[in-house]
1. Give me a count of the residues in the stretch 171-199 that are within 30 Å of L29 (Cβ to Cβ) and either among the aliphatic types (A, V, I, L, M) or in a loop (DSSP other than H, G, I, E, B) (or both).
2. Scan the stretch 1-53 for residues that are modelled with pLDDT of 90 or more, outside any loop (DSSP other than H, G, I, E, B) and exposed (fewer than 10 other Cβ atoms within 10 Å of the Cβ) and jot them down.
3. If W137 satisfies every condition in (1) touching a residue at least 60 places away in the same chain (Cβ under 8 Å); (2) of a type outside the set (G, A, S); (3) surrounded by 15 or more Cβ atoms within 10 Å (Cβ to Cβ) but one, which is the exception?
4. I need every pair where a residue in the stretch 1-25 that is outside the structural domain of E164 (by TED's automatic domain parsing) and of a type in the set (A, V, I, L, M, F, W, C) has its Cβ under 7 Å from the Cβ of a residue that is at pLDDT 80 or above and assigned to a loop (DSSP other than H, G, I, E, B), sequence separation at least 6 or different chains.
5. Cβ-Cβ below 8 Å, separation at least six or inter-chain, first residue in the stretch 68-87 and touching a residue at least 40 places away in the same chain (Cβ under 8 Å), second among the β-branched types (V, I, T) and loosely packed, with under 14 Cβ neighbours inside 10 Å: which pairs?
6. Check F55, F23, F83 and return the single one that is farther than 30 Å from Y121 by Cα and either among the hydroxyl-bearing types (S, T, Y) or out of contact with any strand residue (DSSP E or B) (no Cβ under 9 Å at 6 or more places or on another chain) (or both).
7. Go through (1) under 16 Å from the mean Cα position of the chain (by Cα); (2) β-branched (V, I, T); (3) surrounded by fewer than 16 Cβ atoms within 10 Å (Cβ to Cβ); (4) closer than 30 Å to L27 by Cβ for V168 and report which single condition fails.
8. Looking only at residues that are out of contact with any Gly (no Cβ under 9 Å at 6 or more places or on another chain) and either among the β-branched types (V, I, T) or not in a helix (DSSP H, G or I) (or both) in the stretch 148-165, which one is nearest to L28 (Cα to Cα)?
Amino acid sequence: MKERKINGALKTALELGPILAFFVAYLLLKDRIFTIGGTEYDGFIIVTAGFIPVFLASIGVLWALTGHLSKMQLMTAILITVFGGLSIWFNDPKFFKMKPTIIYLLFGGILAIGLLQRRSYLQTVMDTVMPLTHEGWMILTRRLMLFFFGLALLNEIIWRTQSEETWVYFKTFGLTAAIFVFFITQSRLFQEHSSSPKE
């Protein structure tokens with residue numbers, strides 16, 4: 001099915017809205033304890049339980065409007081459901097906190113497999129967004145692979161050594177900012193290896 005274009009602001013709201021909602025809900029409920037069925041759950045678990053259906057609903061709307069979901073979005077949805085579900089089932093937040101680690105290891109691993117085959121899987125999904133030469137794609141893929149592995153390691157360090165609140169701030173803003181900064185710092189690569197016709 002051909003992807004349909006939608007308003008950029010709406011697309012951003014659907015992609016980032018659930019994450020911001022999770023952050024706000026956590027700030028409101030982090031110090032509360034809820035007793036459900038005789039079991040006590042802290043605010044983090046309750047917020048996680050609410051985040052899963054909100055996230056799935058947002059990508060459902062995104063799919064209904066565009067007719068398309070990327071493999072990255074589908075993989076993220078599956079991991080959020082699985083690891084969020086494990087955190088709720090076992091009443092243990094560590095499973096949900098491990099989710100970014102698994103996601104970034106998977107993304108980095110997929111890119112690594114492509115590089116071993118002298119291919120850029122990144123080019124396959126982003127070629128229409130950033131026209132680069134083959135060499136440019138290989139360089140960017142190698143850098144992004146290392147970046148993803150670095151984020152996985154950083155997430156493990158943060159959630160295992162810092163407070164829960166610090167991890168929530170890191171997850172909400174730190175990871176998003178890191179990805180934004182990464183692509184900004186690749187501007188020279190984009191210029192030197194652009195495959196767009198020179199004027």
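1. Total meeting the criteria: 4.
2. T35, T39, listed by residue number.
3. (1)
4. Short answer, once both residue conditions are applied: M1/G67; M1/H68.
5. Hits for this filter: S70/V125; K71/V125; M72/V125.
6. Numbers: F55 fails: farther than 30 Å from Y121 by Cα; F83 fails: farther than 30 Å from Y121 by Cα.
Exactly one residue qualifies, and that residue is F23.
7. (3)
8. Here the residue is S163.
The values are calculated or read from the model by the stated rules, or taken from the named source; none is laboratory data. Bear in mind the structure is a predicted one, so any value in this text is a computation, not a measurement. Reconstructed Cβ throughout: ideal geometry from the backbone, glycine too, with neighbour counts over all protein chains shown.
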